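First the structure, in the form of structure tokens, and then the observations on it.
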């Protein structure tokens with residue numbers, strides 16, 4: 001995996017965010033509109049031509065390949081192409097994760113027509129994507145980096161489109177291995193639960209987390 005460093009300031013990050021975030025939000029609205037529109041055929045054709053013109057203008061100067069994993073010189077992350085949280089990725093929900101003092105990570109998101117699987121419900125793969133990301137964030141909430149080993153999901157019932165809440169937390173640690181558990185819920189409770197095994201890299205030279213089990217004190 002290639003990490004890119006950019007020597008830019010916090011002000012420049014803010015400038016780029018202010019420029020690109022509204023564009024991404026508009027494209028996200030466009031995706032939803034394309035799915036649900038019932039306008040006449042001439043309007044569809046005219047909009048199609050306008051979109052093709054806009055795409056051509058944006059492609060007149062672009063990077064090769066993907067956006068990549070980018071950091072500023074002081075290691076401020078810019079995962080703006082990420083499929084779960086990317087600021088410049090209109091297919092990202094996007095998730096906005098929050099770390100809490102108890103080590104848990106949560107995210108609240110509203111999913112519309114673009115994320116549908118069964119009628120009126122979120123595609124199971126999208127549920128998996130979101131939980132994979134939230135569990136990964138929770139796995140490193142103790143400031144010890146880790147990589148996904150395995151993740152298992154249990155689909156309790158269909159996840160309806162609309163407002164959803166995801167949460168996860170490290171529940172067990174044993175040397176280089178962390179167990180992270182989490183869930184995705186609607187207003188009536190969990191719809192999907194997840195458990196992941198996350199592994200601290202062998203070359204990590206920082207402090208290792210003490211081995212714990214649920215209910216134990218650190």
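Observations
- Taking every C-alpha pair closer than 8 Å and separated by at least 6 residues, the mean separation divided by the residue count of the stretch 39-93 gives a relative contact order of 15 percent.
- For the chain, the longest principal axis of the C-alpha atoms and the axis of helix 10-36 are separated by about 60°.
- Across the chain, the mean sequence separation of Cα contacts (distance under 8 Å, 6 or more residues apart), normalised by length, yields a relative contact order of 16 percent.
- Using equal-weight Cα scatterers in the Debye expression, the normalised intensity of the stretch 94-199 in log10 at q = 0.20, 0.21, 0.22, 0.23 Å⁻¹ is -0.94, -1.02, -1.10, -1.17.
- Against the main long axis of the alpha-carbon atoms of the chain, helix 124-139 sits at an angle near 40°.
- Here the Gaussian network model covers the chain, with springs between Cα atoms less than 10 Å apart; of 191, 171, 150, 150 fluctuates the most.
- Contact order normalised by residue count of the stretch 1-92, Cα under 8 Å, 6+ apart, percent: 43 percent
- The ellipsoid that matches the Cα gyration tensor of the stretch 1-128 has semi-axes, each √(5λ) in whole angstrom, of 29, 23, 12, with the longest given first.
- Taken along its principal axes, the alpha carbon cloud of the chain reaches lengths of 65, 46, 25 Å, longest axis first.
- Counting other Cβ atoms within 10 Å as a rough exposure proxy, the listed residues 153, 184 run 153, 184 from fewest neighbours to most.
- With Cα atoms, 0 to 90° folded angle of helix 41-59 axis to the chain main axis: 60 degrees
- Candidates 70, 49, 15: whichever shows maximal mean-square fluctuation once the chain is modelled as a Gaussian network with Cα springs under 10 Å: 49
Read the figures in this text as sums done on the coordinates, not as results from a lab. In this text the structure is predicted, and so the values were computed from the model without any measurement. Using ideal geometry, Cβ is built from the backbone for each residue, glycine included, and neighbour counts are taken over all protein chains shown.
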